[in-house]
Amino acid sequence: MTKADLVDAIFEKVGLSKKEAQDIVEILFETMKLTFAEGESIKISGFGTFNVRKKMARRGRNPKTGQDLEITPRRVITFRVSNQLKEEIEKLNA
């Protein structure tokens, strides 16, 4: 699913104009980006939690050349699905 698909879904289900639906999606993602930039988590009840996690520097290897190198420290975003969403997905697969 793409951002355009999300806009279309909001447009069809909520009855907003395409422009209003697009604005909502853009504001949502911009707010999420700013929250992650501050190092904060986002918890969406019944869906899951997005966490910003720090990864330490570590040794790595270039797979093409085999050359050893150092991978710099960085922050990554992880997602942990809620139990409620897990159960709903399991019901669909049953």
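The values are calculated or read from the model by the stated rules, or taken from the named source; none is laboratory data. All figures in this text were calculated on a predicted structure; none of them were measured in a lab. Methodologically, a virtual Cβ is constructed for each residue, glycine included, from the backbone with ideal geometry; neighbour enumeration extends over all protein chains shown.
Looking at this structure, is Ile10 under 26 Å from Asn83 (Cα atoms), among the hydrophobic types (A, V, I, L, M, F, W, C) and within 19 Å of the chain's Cα centre (by Cα)? Spelling it out, Ile10 is indeed under 26 Å from Asn83 (Cα atoms), among the hydrophobic types (A, V, I, L, M, F, W, C) and within 19 Å of the chain's Cα centre (by Cα). In the set (1) surrounded by 12 or more Cβ atoms within 10 Å (Cβ to Cβ); (2) on the phi < 0 side of the Ramachandran plot, Asn62 fails one condition alone, (1).
A single member of Glu38, Glu70 is under 18 Å from the mean Cα position of the chain (by Cα) and surrounded by fewer than 11 Cβ atoms within 10 Å (Cβ to Cβ), and it is Glu38. Taken over the range 1-58, the criterion of being hydroxyl-bearing (Ser, Thr, Tyr) and either modelled with pLDDT under 95 or not in a helix (DSSP H, G or I) (or both) is satisfied by Thr2, Ser17, Ser41, Ser45, Thr49. Within the range 7-57, the set of residues being in contact (Cβ under 8 Å) with a residue 24 or more places away in the chain and either closer than 14 Å to Arg75 by Cβ or touching a Leu at 6+ places or on another chain (Cβ under 7 Å) (or both) comprises Phe36, Gly39, Gly46, Phe47, Gly48, Phe50, Asn51, Val52, Arg53.
This table checks each residue for (1) outside the structural domain of Arg80 (by the TED database); (2) surrounded by 14 or more Cβ atoms within 10 Å (Cβ to Cβ).
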| residue | (1), (2) |
| --- | --- |
| Val7 | yes, yes |
| Val14 | yes, no |
| Lys18 | yes, no |
| Gln22 | yes, yes |
| Glu30 | yes, no |
| Ser45 | no, no |
| Gly48 | no, yes |
| Arg53 | no, no |
| Met56 | no, no |
